[in-house]
1. Out of the residues in the stretch 1-42 that are among the β-branched types (Val, Ile, Thr) and outside any helix (DSSP H, G or I), which is farthest from ARG73 (Cα to Cα)?
2. Could you please give the count of residues in the stretch 48-77 that are among the charged types (D, E, K, R) and farther than 11 Å from LYS36 by Cα?
3. Go through the stretch 24-77 and count every residue that is within 12 Å of the chain's Cα centre (by Cα) and among the charged types (D, E, K, R).
4. Suppose we filter VAL45, VAL56 for residues that are touching a Leu at 6+ places or on another chain (Cβ under 8 Å), within 17 Å of ILE8 (Cα to Cα) and assigned to a strand (DSSP E or B); which single one remains?
5. Would you mind finding the one in GLU48, GLU10 that is among the charged types (D, E, K, R) and either buried (at least 16 other Cβ atoms within 10 Å of the Cβ) or at pLDDT below 95 (or both)?
6. Testing GLY35 on (1) in contact (Cβ under 8 Å) with a residue 40 or more places away in the chain; (2) in contact with a Leu (Cβ under 9 Å, 6 or more places away or on another chain), one condition comes back false. Which one is that?
Amino acid sequence: MAKKQLNIQEAFLSELKNKSIPCTMFLTNGFQYKGKVIGFDTYSVMLEADGKQQVVFKHVISTIVPSKKIDTRQYTG
């Protein structure tokens, strides 16, 4: 059975989550959150920083910048 290809968003978030890569999340209102992605679904991303967890809804996220380069080729082909 062929491996299911994820879309770019899922591949990017999966890599951040699976490798615990810190990132900065920029919101549409100008706020910034820094932390690690610990989960995500269709509508939200769960971020953890300083021992606290928060859910950010995807519709308010404008940009996510990882602290280091990530490789999504294994997910996207």
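The values are calculated or read from the model by the stated rules, or taken from the named source; none is laboratory data. Note that the structure is a prediction, hence the values are computed from the model and not measured. Using ideal geometry, Cβ is built from the backbone for each residue, glycine included, and neighbour counts are taken over all protein chains shown.
1. First pass over the stretch 1-42, keeping only residues among the β-branched types (Val, Ile, Thr): 8, 21, 24, 28, 37-38, 42.
Filter once more, keeping what is outside any helix (DSSP H, G or I): 21, 24, 28, 37-38, 42.
Working: ILE21: 17, THR24: 22, THR28: 28, VAL37: 19, ILE38: 21, THR42: 21 Å.
If we take residues in the stretch 1-42 being among the β-branched types (Val, Ile, Thr) and outside any helix (DSSP H, G or I), then THR28 is farthest from ARG73 (Cα to Cα).
2. Going through the stretch 48-77, the residues among the charged types (D, E, K, R) turn out to be 48, 50, 52, 58, 68-69, 71, 73.
Still in the running and farther than 11 Å from LYS36 by Cα: 58, 68-69, 71, 73.
So the answer is 5.
3. 5
4. Numbers: VAL56 fails: within 17 Å of ILE8 (Cα to Cα).
The match here is VAL45.
5. Details: GLU48 fails: either buried (at least 16 other Cβ atoms within 10 Å of the Cβ) or at pLDDT below 95 (or both).
So the residue among GLU48, GLU10 that is among the charged types (D, E, K, R) and either buried (at least 16 other Cβ atoms within 10 Å of the Cβ) or at pLDDT below 95 (or both) is GLU10.
6. Condition (1) is where GLY35 drops out.
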